[in-house]
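> Here you go, one structure.
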Amino acid sequence: MIAPTILTKTLKEYFGYDKFRPLQEEIINSIFKGNDNLVIMPTGGGKSICFQLPAILLDGITIVISPLIALMKDQVDGLTTNGIAAAFLNSSQTETEQQEIFKKIENGELKLLYTAPESLSYLENIFNSQTISLIAIDEAHCISSWGHDFRPAYTNLGYLKKRFPKVPLIALTATADKATREDIASQLNISHAKQHIASFDRKNLKLEVRPANDRIKQIINFIDDRPNESGIIYCLSRKATEKVAEKLQNANINAVAYHAGIGHEFRAKTQEDFINDTCQVICATIAFGMGIDKSNVRWVIHYNLPKNIEGYYQEIGRAGRDGLPSNTLLFHSYGDVIQLKKFAQSSGNVEVQLAKLDRMKEYADALSCRRKILLNYFGELISEDCGNCDVCTNPPQFFDGTVIAQKALSAVARVNGQEPIGTVIDVLRGAQNNTIYEKGYQELKTYGIAKDIAWLDWKQYITQLINQGYLEIAFHENNKLKLTDFAKDVLFNQQKVDLANLVEAEKEKEEQKKKKPKVSKNSLFERLRAIRLEISTEEDVPAYQIFSDATLREMEAERPMSDEEFIRISGVGRVKMMNYGHAFIKEIISFTNEKKKKRKVDTTKKTFELYQLGLSLEEIAEERKLAVGTIFSHIFKLYNGGENIDLNQFIDKHDLDSIRKAQEELANPETLKPYFEHFQEAMSYNTIRIGLAILNEKKS
Ligand code: ADP
Ligand code: MG
């Protein structure tokens, strides 16, 4: 057992945090008891600290297995800025670089060593000569061929427990599914491991789904509202990533495409630019993301529907790792569903894939709290609606849509279930095009019976009818729309149909705009961000590794102006305070002083305006709820600043005479105090000051 105070002290000293996140402390304690541990925690949940903190306190060196070079580098950067001795060993390094690391290990200078499973063999001499304190296997789902990122080299890792039966082993992943979890434990030979399963709820992520109409325009508006915020746009195809990136660039947005088809070098550079905040938006296939622990991704957009909820949740999980409110937006279209069904049908495991796609679609079509549906998928039940998804904040309003439903269903009946959605809508709206004329649909009774409803609105109503089970899409027959048995009740038995009012994304956006104050480029946050960028460029470390957005936000709110105040900010540990405290404190102080100065200028200006209106000092004081003395000093400042002010009205003749006499008697002293004492404190400093100003002006 280890004393809880030591753990919290280490957490603050090295990572700058005051409190553990859920399960972190429990997991760390379990390591100290010598247990093996399997940790299931969502992306951004805070898995790294679970092994990094014990590594600091335990004797010897902790070995961390991590699948990607980028990921290792990132974590080592993070540890180093916090003053924790860590390094990584992989095939990208030269022999000299590797020798240096080995030397450090021999000298007992490293607490953590990151490496890829492929490089395990390099470690034999370390294994033979060093005390291994802990073995951590990050992204442990890579070991399971059932998981979504299977890496053959991970399967060798079962060896570690056999080689080091007494060294605690910890495996960590964000993959929730039970079969994969058990597979991980058995392959790693830790079947008796303690399992720690965290809640998958990420409350700071706002969930939103919109119909995929005019996506580019919606995205441009979305980004325009968030001028400095980093975000990722996931697309289904490489081509789409390029198209979207190009359109955004045309709208002056700093966006770049990323997919497996672009050169390795360019990919690395794009990733680096994004991590370093020099590229704002990445339009990517799902190849992008693993290996990126950037904590200030502020939003994630899915341009296309993802193929399952696991993938979707992992992708949106990349937003808001720092815990600050972050946005997610999913565009939903039937075109995507059709495409994904085709993919699923050509995959190995058709039924499972299709079932997963169905769940994804149900989520996108949901008319009740989306978070409930998501968490439910991961086997977690919440009793309250979340209040942070589009359905909760803007619940659908239902109306009697029976007539609309009857029109749509009878149009489907009239074309004998032989047409896809688009043609059915064309019939309803009386469109004039080839298909219509070739098939003679202009003769149908339903032709043009619902011109009053816009094309895109029809699409949404028909989607609702599909979701309610009145229509279905025959994916095997070119996506023809078919009536179901339920449809007959609507057409022939007066069955009523409720439809949800359509939300107009644009209208909603306008309203939000009114509510939301524009972000100021000159806010303290932006200035602190600039300092952070400067330091990160100089040190060649990602900006978010210097301080997270959450930490900068707290600095903005608390305005620490001394070391004691600075170290109280969450995310500031001892080493970061020593290295960066000065630069940030300095900026906070100068920002605050500028603000004060500006406020002062503003306040004298207001007094002047009232003076010009002819108010007396007392009246101005009353109006402004300030002391008369303060107003006096404003007036005096204005007078010295050259404003046209007649000081004579603020002093009576008798006082002015007394001051003149005193000036002669006291032989014109340089300060005011002799006058004050001369009048035995009966005349105020302000009156003396004004009197002297008048007398001196007369003289000159
Ligand atoms: P995961 O590996 O589970 O995706 P990370 O370990 O990368 O998550 O942690 C995500 C973010 O949360 C990081 O920025 C990390 O510094 C931060 N974090 C971790 N633990 C805490 C804590 N106790 N308090 C505040 N922030 C934390
Ligand atoms: Mg991680």
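The values are calculated or read from the model by the stated rules, or taken from the named source; none is laboratory data. All of these numbers come straight from a predicted model, not from anything done at the bench. Cβ coordinates were reconstructed from backbone atoms using ideal geometry, including for glycine residues, and neighbour counts include every protein chain displayed. Only protein heavy atoms, including side chains, enter the accessible area calculation; ligands, DNA and RNA are left aside. Shrake-Rupley method; radii C 1.70, N 1.55, O 1.52, S 1.80 Å.
> By average Cβ neighbour count within 10 Å, what is the ranking of 527-533, 311-317, 263-269 from highest down?
Working: 527-533: 18.0, 311-317: 21.9, 263-269: 11.3.
Descending packing order for the listed peptides: 311-317, 527-533, 263-269.
> Another question, if that's okay. Given 0.36 nm per residue, what is the gain on full extension from LYS439 to THR94 after removing their alpha carbon distance, in nm? Don't jump to the answer; show the numbers that get you there.
Values: separation 345, 0.36 × 345 = 124.20 nm, distance 7.01 nm.
Result: 117.2 nm gained on full extension.
> Return one whole number: the accessible area per residue of segment 617-700 in Å², for a 1.4 Å probe.
Values: 5350 Å² over 84 residues.
Accessible area per residue: 64 Å².
> Which listed residue (LEU381, MET290, ALA153) has the Cα farthest towards the positive end of the charge dipole for the chain, taking +1 on Lys and Arg C-beta and -1 on Asp and Glu C-beta about the Cα centre?
LEU381
> Can you give the angle from 0 to 90° between the axis of helix 653-665 and the longest principal axis of the chain, with both taken from C-alpha atoms, to the nearest 10?
70 degrees
> Expressed as an acute angle from 0 to 90° and rounded to the nearest 10, what is the orientation of the C-alpha long axis of helix 549-558 relative to the principal long axis of the chain?
30 degrees
> Right, another one. Using the basic label-point model (7 angstrom from Cα toward the beta carbon), what is the GLU118 to THR131 distance in nanometres?
Reported label-point gap for GLU118 and THR131 is 3.4 nm.
> At a threshold of 8 angstrom on Cα-Cα distance, excluding pairs fewer than six apart, so keeping six or more, what relative contact order does segment 205-393 reach in percent? It would help to have the intermediate numbers written out before the result.
Working: 308 pairs, mean separation 48.5, N = 189.
Computed over segment 205-393, the figure is 26 percent.
> If you roll a 1.4 Å probe over the heavy atoms of the protein chains, what accessible area per residue do you get for segment 38-79, in Å²?
19 Å²
> Once neighbouring chains are kept in place and the probe is 1.4 Å, which whole percent of the accessible area of the chain is contributed by carbon and sulfur?
Values: 16730 of 34130 Å².
Percent of accessible area from carbon and sulfur atoms in the chain: 49.
> Using 1/(1 + (r/R0)^6) with R0 = 25 angstrom and r between the beta carbons of PHE32 and ILE197, what's the FRET efficiency to the nearest 0.05? Before the final figure, lay out each step's value.
Details: r = 20 Å, r/R0 = 0.80.
That pair, PHE32 with ILE197, gives E of 0.80.
> Here is a follow-up. Using the Cβ atoms and a cut-off under 11 Å, what net charge is assigned to the surroundings of PRO420, where Lys and Arg are +1 and Asp and Glu are -1? Working shown, then result.
Working: positive: LYS480, LYS482; negative: GLU419, ASP426, GLU477.
Residues close to PRO420 contribute a combined charge of -1.
> Whose amide H sits under 5 Å from the amide H of CYS279, counting only residues 5 or more places off or on another chain, with H placed in the peptide plane?
Under 5 Å from the amide H of CYS279 lie the amide H atoms of PHE274, each far enough along the sequence or on another chain.
> A further question follows. Along the charge dipole of segment 398-500, pointing to its positive end and built from +1/-1 on Cβ of Lys, Arg, Asp and Glu, which listed residue (LEU491, ILE462, ASN433) has its Cα farthest out?
ASN433
> Continuing with the same structure: Could you give the length gained on full extension between ARG559 and ASP602, defined as 0.36 nm per residue of separation minus the Cα-Cα distance, in nm?
That works out to 13.3 nm of additional length.
> Hey, another quick one. Which percent, nearest 5, of DSSP beta bridges in the chain are antiparallel? It would help to have the intermediate numbers written out before the result.
Details: 7 of 57 bridges.
The antiparallel fraction comes to roughly 10 percent.
> Please sort 421-432, 336-347 by packing, taking for each peptide the average over its residues of neighbouring beta carbons within 10 angstrom, highest first.
Numbers: 421-432: 20.2, 336-347: 16.2.
Top of the packing list down: 421-432, 336-347.
> Now, a different point. Please list, ordered by chain and number, the residues whose modelled amide H lies under 5 Å from the amide H of ILE137; skip anything fewer than 5 residues away on the same chain.
The answer is ILE65, ILE170, ALA171, LEU172.
> I've got another one for you. When the dipole is taken about the Cα centre of the chain, and only Lys, Arg (+1) and Asp, Glu (-1) are charged at their Cβ, what size is it in debye, to the nearest 20? Could the numbers behind the result be given before it?
Numbers: 90 positive and 94 negative charges, 184 e Å.
About 880 debye.
> While we're looking at this one, here's another question. Quick one: 3J(HN,Hα) in Hz for segment 533-543, Karplus 6.51/-1.76/1.60 with θ = phi - 60°, rounded, Gly and Pro as x.
5, 4, 4, 5, 5, 4, 8, 6, 10, x, 3
> Still on this structure, please answer the following. Give the relative contact order (percent, whole number) for the chain; include only Cα pairs under 8 Å separated by 6+ residues.
11 percent
> Which ³J(HN,Hα) values in Hz, rounded to whole numbers, follow from the phi angles of segment 606-612 under the Karplus curve 6.51 cos²θ - 1.76 cosθ + 1.60, where θ = phi - 60° and Gly and Pro get x?
Karplus values, whole Hz, x for Gly and Pro: 5, 4, 4, 4, 5, 4, 5.
> Also: Could you sort the peptides 75-86, 350-361 by per-residue average Cβ neighbour count (10 Å cutoff), highest mean leading? Walk me through the intermediate numbers first.
Details: 75-86: 20.1, 350-361: 16.2.
Ranking, from highest mean packing down: 75-86, 350-361.
> So for segment 398-500, what are the equivalent ellipsoid semi-axes in whole Å, largest first, each being the square root of 5 times an eigenvalue of the Cα gyration tensor? The partial results should precede the final answer.
Details: eigenvalues 82, 46, 32 Å².
For segment 398-500, the semi-axes come out at 20, 15, 13 Å.
> Whole-Hz ³J(HN,Hα) for each residue in segment 625-636, computed from phi via Karplus 6.51 cos²θ - 1.76 cosθ + 1.60 with θ = phi - 60°, x for glycine and proline: what do you get?
6, 10, 6, 4, x, 5, 4, 3, 5, 4, 4, 5
> Hey, another quick one. Could you work out the relative contact order of segment 4-197, using alpha carbon pairs under 8 angstrom and six or more residues apart, expressed as a whole percent?
Values: 312 pairs, mean separation 57.3, N = 194.
Normalised by residue count, the contact order of segment 4-197 is 30 percent.
> Another question, then. Can you list the trypsin sites (Lys or Arg not before Pro) in segment 22-105 that are in a DSSP coil and have 14 or fewer other beta carbons within 10 angstrom?
Loop-located and lightly packed - LYS33.
> Using a probe radius of 1.4 Å on heavy atoms only, what accessible surface per residue do you get for segment 398-500? Whole Å² is fine. Before the final figure, lay out each step's value.
Numbers: 5330 Å² over 103 residues.
Using a 1.4 Å probe on heavy atoms only, each residue of segment 398-500 averages 52 Å².
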